[in-house]
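The values are calculated or read from the model by the stated rules, or taken from the named source; none is laboratory data. Bear in mind the structure is a predicted one, so any value in this text is a computation, not a measurement. Heads up, the Cβs are rebuilt from the backbone with ideal geometry, glycines too, and the neighbour counts pull from every protein chain shown.
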Amino acid sequence: MKIDLHATLRAHNTFGFDVSADYLAYLTEVSDIPLFIQKAEEQQAQWQILGGGSNLVLAADLQGYTGLMQIKGRHLLDQTDTHVFIEAMAGEDWHEFVTWTLEQGYGGLENLALIPGTVGATPIQNIGAYGLELSQVMDSLEAFDTQTKKWVQLTAADCQFSYRYSIFKNDTKRYIVSSVCFKLPKLWQPNLTYAELAKAFAEKIEKKQEITPKDIFNKVCEIRSAKLPDPKILGNSGSFFHNPIISTVQYQKIKERFPNVVAYPAESDWKLAAGWLIEQCGFKGCRSGYVGVYDKQALVLVNHGGGTGTELLDLAQQIQNKVFDTFGVKLSIEPVIYS
Ligand SMILES: Cc1cc2nc3c(=O)[nH]c(=O)nc-3n(C[C@H](O)[C@H](O)[C@H](O)COP(=O)(O)OP(=O)(O)OC[C@H]3O[C@@H](n4cnc5c(N)ncnc54)[C@H](O)[C@@H]3O)c2cc1C
């Protein structure tokens, strides 16, 4: 296991914040995971795992051991009459993996195309986009339990997934995911539950034309590229705040005051569009030093270059305060904060 001392993490977080790690360990083999924990514990040092760094705010240097997840590999594990089971190692790039599954003829992950990051991080916040959440396609995962020092297999049910949530969010230091197994249907059906996708394919459906997984993949990539900044050009972590879920009573009160409020039914509650709330408070496109709010989507905070995590968190706090004062709604931050 290669370990660098005082390594910069600038290229390992999509905000491009220039912080460093005391020890940066490159995890390239499954056996590196217990070794990494052993090293950190021997030195009574703190430790953390980084994937692609696309859901993090690094607001300070990382002390102790930082493990960069780089374990590669993907293969068809098993199949039944109805499903294929595909396993991917935690360090695989998520979008490349989705692309590969389609090339192999396995549809089912296309709605989650172009989400940055690694396969191993996908269960952590139960990634979701365009009408699909990881919880609907994940079968199980393998992880190292850092408490018992044993390898465990967790099913999707064990992970207790909900909107941007899993058990890993409660206890960030317990499990290190080494691989994820996906269960994809052999009889593929397009998932057009997301209104924008349904609209894009309405004509094909009406004319009874074939829709392929690749068609959906291409459309998702097209929509995402138009809406979200490319982290290689403008540092960001995608949506910075969760869309708040509120009761029907609270929703009705907001609707009375703001008839144009953007919200969607979420089981017996309502999910508010956090981007709309932020935009109404006048933050869209604003700039504070080297950080700011993206001018095409107020839910995305950006680093224009040279900004710091602390500056970004200050701006996030201003946004949270203003949204709360205006709507009485608390915005919670999506990325994991290291400060
Ligand atoms: C432009 C852009 C668009 C995005 N769009 C979406 C979207 O549509 N939907 C969505 O859900 N998210 C989205 N995201 C957020 C992000 O891409 C996902 O959350 C992604 O899964 C994070 O992967 P990562 O490898 O970069 O994780 P990191 O940011 O490196 O880590 C995130 C957390 O997971 C932990 N972690 C990482 N790997 C492991 C592992 N192997 N075992 C245990 N813990 C681990 C880390 O310790 C950290 O706490 C977007 C981000 C960007 C920049």
query: Residues in the stretch 122-144: is at least one away from the ligand (no atom under 13 Å from the Cβ), of a type in the set (A, V, I, L, M, F, W, C), surrounded by fewer than 19 Cβ atoms within 10 Å (Cβ to Cβ) and under 30 Å from I333 (Cβ atoms)?
result: no
query: Identify, please: which residue in the stretch 185-212 is out of contact with any helix residue (DSSP H, G or I) (no Cβ under 7 Å at 6 or more places or on another chain) and under 27 Å from E92 (Cβ atoms) and is, among those, surrounded by the most Cβ atoms within 10 Å (Cβ to Cβ)?
result: Y194
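Restricting attention to the stretch 80-116, which residues are β-branched (V, I, T) and within 11 Å of the ligand (Cβ to nearest atom)?
Step one: of the stretch 80-116, the residues β-branched (V, I, T) are 80, 82, 84, 86, 98-99, 101, 115.
The one that is β-branched (V, I, T) and within 11 Å of the ligand (Cβ to nearest atom): I115.
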query: With the stretch 252-339 as the region, which strands (runs of 3 or more DSSP E) entirely inside it contain at least 2 residues that are within 30 Å of A21 (Cα to Cα) and within 16 Å of the ligand (Cβ to nearest atom)?
result: 291-293, 300-303, 336-338
message: Looking only at residues that are of a type in the set (S, T, N, Q) and free of Cβ contacts under 8 Å to residues at least 60 places away in the same chain in the stretch 125-143, which one is farthest from A200 (Cα to Cα)?
response: S140
- request: Run Y65 past the list (1) in the same structural domain as L134 (by TED's automatic domain parsing); (2) in contact with a Phe, Trp or Tyr (Cβ under 6 Å, 6 or more places away or on another chain) and report the number of the one that doesn't hold.
  value: (1)
field: Any chance K232 is free of Cβ contacts under 8 Å to residues at least 24 places away in the same chain, part of a loop (DSSP other than H, G, I, E, B) and on the phi > 0 side of the Ramachandran plot
entry: no
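I want to confirm something. Restricting to the stretch 12-32 and keeping residues that are part of a loop (DSSP other than H, G, I, E, B) and polar (S, T, N, Q), which single residue is farthest from K150 (Cα to Cα)? Reasoning before the result, please.
Taking the stretch 12-32 and keeping what is part of a loop (DSSP other than H, G, I, E, B), we get 13-19, 28-31.
Next cut, polar (S, T, N, Q) only: 13-14, 28, 31.
Numbers: N13: 29, T14: 32, T28: 19, S31: 12 Å.
So, considering only residues that are part of a loop (DSSP other than H, G, I, E, B) and polar (S, T, N, Q), the one farthest from K150 (Cα to Cα) is T14.
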